[in-house]
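One structure is given below, encoded as structure tokens.
Just so it is clear, none of the values below were taken in a lab; they were calculated from the coordinates. Model, not experiment: these values are computed from the prediction. Every residue, glycine among them, receives a Cβ derived from its backbone with ideal geometry; neighbour counts consider all protein chains shown.
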């Protein structure tokens with residue numbers, strides 16, 4: 001388990017996320033539908049039972065391929081099939097809102113319940129060391145609406161946690177990373 005700028009994640013989830021974001025598809029990936037990985041901070045998780053309850057609710061959301069919840073870290077990683085917008089649909093499906101609602105449902109019997117925060121996950125290209133990661137982290141935390149950021153240069157990704165009041169503009173996240181000399185794409189977000 002590692003702690004990066006206040007966000008605790010297990011090595012297993014780091015590897016899973018890095019593999020999901022990797023941009024070099026092989027034959028098996030080309031045949032399977034594309035996936036997106038969401039990072040969700042969950043306040044109020046206190047035990048393995050809470051974690052299992054949240055994981056069960058997340059797994060029940062249509063399109064979820066894998067859900068992993070860590071009660072000690074207060075964090076979930078959820079992989080979903082990339083949504084396809086049916087032709088003629090007026091309102092697009094908001095997977096992030098569905099995931100947050102699933103976490104809230106899981107916490108109904110736990111006092112005030114769980115308070116989920118769907119984070120932005122960005123793929124970042126060009127980082128080669130911890131210094132690169134620190135530069136990107138600093139840039140992301142300066143974006144209005146970001147309360148914390150965590151960057152993994154080996155996996156080539158960053159997680160930006162939106163503040164409780166108002167989240168950041170995704171274009172500003174990309175711009176902040178690009179001003180440090182790296183390329184970024186918002187992978188998922190609220």
Quiz item: Taking the alpha-carbon centroid of each part, what is the distance from the range 171-190 to the range 106-160 in angstrom?
Solution: 11 Å
Quiz item: If each residue's Cβ is checked for other Cβ atoms within 10 Å, how do 75, 135 rank with the fewest at the top?
Solution: 135, 75
Practice problem: Would you kindly state how much longer the chain becomes between residue 115 and residue 171 on full extension, computed as 0.36 nm times their sequence separation minus their alpha carbon distance, in nm to one decimal? | Solution: 17.6 nm
Practice problem: Grab the Cα-Cα distance for residue 142 and residue 186, subtract it from 0.36 nm times how many residues apart they are, and report the gain in nm with one decimal. | Solution: 14.2 nm
